[in-house]
Amino acid sequence: MSSSIRERIRSIQDSLPSSVKLIAVSKKVSVAAMREAYAAGIRDFGESRIQEAVGKIEELQDLSGINWHFIGHLQSNKAKKALTYFQWLHSVDSLKLAQRLNLLAQDLGTSPFICLQVKILPDPDKSGWTIPQLLDDLVELNLCKSLQIQGLMTIPPLGLDSSEVGQVFNRTRELAEEIDKRNLSDIKIKQLSMGMSGDYQLAIQSGATMIRLGTILFGKRDL
Ligand SMILES: *Cc1c(COP(=O)(O)O)cnc(C)c1O
């Protein structure tokens, strides 16, 4: 890709509906590149490894107004660090993890924004709730009063064609609607965190409110 990070961010931002928040996924990206993204207007960064993220968050403390989004698999021994450094956790993938985060958040006096990660199709490579498991766990999740449960997050399995990917995103939106109909006091699903570089346009068509873009902004990196 020959254009600059700034140009790529500008052109994608310009194409997005105002209802969609762009999260710049900066895993494996240098702080210099992240400063460039900030200069182009990015205020939401997504990271998937706690250790890497903490170093960068500390290095970028001079930049005001950043929201940090954790999007990777969260091991329970890193939960406290995640709560200390991140305002948003998109990848809460089990009741056990949610309950642990709730207790830690209570101790720390924070109330993080949470997305519940769902697996719409079976996928051995990913964690997350299946639809029936999540519906079963809602009452317990609603008792996690220190968590601000705001949305659902999903990643379609690899290898689907675009109509299948669209179905995964649509099903996620329908699930959000089903959850809202249950009228739980503390769970209102306002956010759909779905869409990456290869499928964000499909996600937006299905109602995504947060898209998580890495490669298309920063170029390819070694993973
Ligand atoms: C890496 C990653 C992204 C960004 O993926 P790209 O294809 O580089 O845009 C989005 N979401 C999650 C959970 C990721 O791990």
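Details
- Taken as a whole, the structure leaves residue 99 outside the set of residues that are modelled with pLDDT of 95 or more, within 18 Å of residue 50 (Cα to Cα) and away from the ligand (no atom under 16 Å from the Cβ).
- Criterion: open to solvent by 70 Å² or more (accessible area, probe 1.4 Å), without any contact (Cβ under 8 Å) to a residue 60 or more places away in the chain and assigned to a loop (DSSP other than H, G, I, E, B) - qualifying residue of 125, 107: 125
- Taken over the range 13-29, the criterion of being part of a strand (DSSP E or B) and open to solvent by 70 Å² or more (accessible area, probe 1.4 Å) is satisfied by 21 alone.
- Failed criterion for residue 45 (all others in (1) open to solvent by 40 Å² or more (accessible area, probe 1.4 Å); (2) in contact with a Ser or Thr (Cβ under 8 Å, 6 or more places away or on another chain) hold): (1)
- Under the condition of being under 19 Å from residue 91 (Cβ atoms) and not in a strand (DSSP E or B), the residues counted in the range 143-164 number 7.
- Of the residues making up the range 60-71, those that are open to solvent by 10 Å² or more (accessible area, probe 1.4 Å) and either within 16 Å of the ligand (Cβ to nearest atom) or over 20 Å from residue 41 (Cβ atoms) (or both) are 67, 68, 71.
Each row is one residue, and each column tells you yes or no for (1) touching a Pro at 6+ places or on another chain (Cβ under 8 Å); (2) within 12 Å of the ligand (Cβ to nearest atom); (3) of a type in the set (Ser, Thr, Tyr).
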{"residue": "155", "(1), (2), (3)": "no, yes, no"}
{"residue": "165", "(1), (2), (3)": "yes, no, no"}
{"residue": "181", "(1), (2), (3)": "no, no, no"}
{"residue": "205", "(1), (2), (3)": "no, no, no"}
{"residue": "215", "(1), (2), (3)": "no, yes, yes"}
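- Residue check for residue 134: open to solvent by less than 20 Å² (accessible area, probe 1.4 Å), assigned to a helix (DSSP H, G or I) and more than 14 Å from the ligand (Cβ to nearest atom): yes
- Qualifying residue in the range 203-210 (condition: within 15 Å of residue 92 (Cα to Cα) and in contact with a strand residue (DSSP E or B) (Cβ under 8 Å, 6 or more places away or on another chain)): no
- Meets criteria (among the β-branched types (Val, Ile, Thr) and in a helix (DSSP H, G or I)) for residue 42: no
- Pairs with Cβ under 8 Å, 6+ apart, first in the range 168-182 and touching a residue at least 24 places away in the same chain (Cβ under 8 Å), second surrounded by 14 or more Cβ atoms within 10 Å (Cβ to Cβ) and among the polar types (S, T, N, Q): 168/154; 169/154; 169/206; 170/206; 172/154; 172/206; 173/206
- When we screen 75, 51 for residues that are under 17 Å from the mean Cα position of the chain (by Cα) and either open to solvent by 10 Å² or more (accessible area, probe 1.4 Å) or more than 12 Å from the ligand (Cβ to nearest atom) (or both), the only hit is 75.
- Qualifying residue in the range 185-202 (condition: away from the ligand (no atom under 11 Å from the Cβ), modelled with pLDDT of 95 or more and part of a loop (DSSP other than H, G, I, E, B)): no
The values are calculated or read from the model by the stated rules, or taken from the named source; none is laboratory data. The model shown is predicted, which means the values in this text are computed figures rather than measured ones. Counting neighbours? That spans all protein chains shown, and the Cβs are built from the backbone with ideal geometry, glycine included. Each accessible area value is taken on the protein alone, full model and side chains, heavy atoms only, with ligands, DNA and RNA left out. Shrake-Rupley method; radii C 1.70, N 1.55, O 1.52, S 1.80 Å.
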